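No value in this document is a laboratory result; all are computed from the given coordinates. Quick caveat: nothing in here was measured; it's all calculated off a predicted structure. Don't worry about glycine lacking a Cβ; one is built from the backbone with ideal geometry, like all the others, and counts go over all protein chains shown.
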Amino acid sequence: MRKIKLYLAISLNGKIARSDGSVDWLDSIPNPENSDYGYAEFYKTIDTTIMGYSTYNQVINWGIEWPYMDKKNYVLTRKVGLKNTEFVEFIAKDHIPFIEQLKEHPGKDIWLVGGGQVNTMLLNANLVDEIYLYTMPLVIPSGIDLFEGLPNETELKLVGIKSYSSGVIESIYQVENTSFKN
């Protein structure tokens, strides 16, 4: 079975984006070694992305070509009637059964790009297998939480940790169990 891997950067206070969805603060972190923080290697392990509609909107408003052209991309949304694009298929209903079936299909692993609501929905449905978290040495005053809403209490097993000269901390977790309900 394919794994769903949540891979993203957070501020020290657990925000994945500013309140308006912007991630401009990521560019403010000095990176003297020009590290990609393992992104290239991670990207080779996946052939599919999943993201929420707000995250999709952020990506298309960066003013660049779609960055995941070589992957199958799904956007989970509540908006009905959106037309699929060349690179993206919109999933407007039955999100959990769709993702459960997607995990059963042959292929590489699946990247859960975010955002906070989708992260919580898939975590609560026991569909997230691994979490790759890059904690940036920065506090932003307000923003979107890593897990928005009410995530279930979830046990994680730390399987890797690495620090970078930039102050970024990489933490890799296996999701152990989500049997505890809030």
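In terms of overall dimensions, the range 89-129 has a Cα radius of gyration and Dmax of 10.1, 27 angstrom. Residues in the range 17-27 carry Karplus couplings, in order, of 6, 5, 4, 8, x, 5, 10, 4, 4, 5, 6 Hz; the curve used is 6.51 cos²θ - 1.76 cosθ + 1.60 with θ = phi - 60°, and Gly or Pro positions show x.
Charges were assigned to the Cβ only: +1 to each Lys and Arg, -1 to each Asp and Glu. The resulting dipole of the chain about its Cα centre is roughly 360 debye. The Cα-based radius of gyration of the chain, divided by its Kirkwood radius, gives an Rg/Rh of 0.94. The convex hull built on the alpha-carbon positions of the range 37-92 has an orientation-averaged projected area of 4.2 nm². So the label point goes 7 Å from the Cα of GLU155 along Cα→C-beta, right? Which residues of the range 96-127 then have their backbone N under 19 Å from it? Answer for this model: 123-127.
Ordering 132-139, 58-65 by mean Cβ neighbour count within 10 Å, with the highest value first, yields 132-139, 58-65. Using alpha-carbon positions, what is the distance between the centroids of the range 40-76 and the range 1-30, in Å? Going from one Cα centre to the other spans 14 Å.
Its Cα centre serving as origin, the range 15-64 has a Cβ charge dipole (Lys and Arg +1, Asp and Glu -1) of approximately 180 debye.
Once the C-beta distance of LEU12 and MET69 is scaled by a Förster radius of 30 Å, the resulting FRET efficiency is 0.40 to the nearest 0.05.
With both residues required to sit in the chain, DSSP beta bridges show an antiparallel share near 45%. Per-residue extension of 0.36 nm, minus the Cα-Cα distance of ALA125 and ASN31, leaves a gain of 30.2 nm for this segment.
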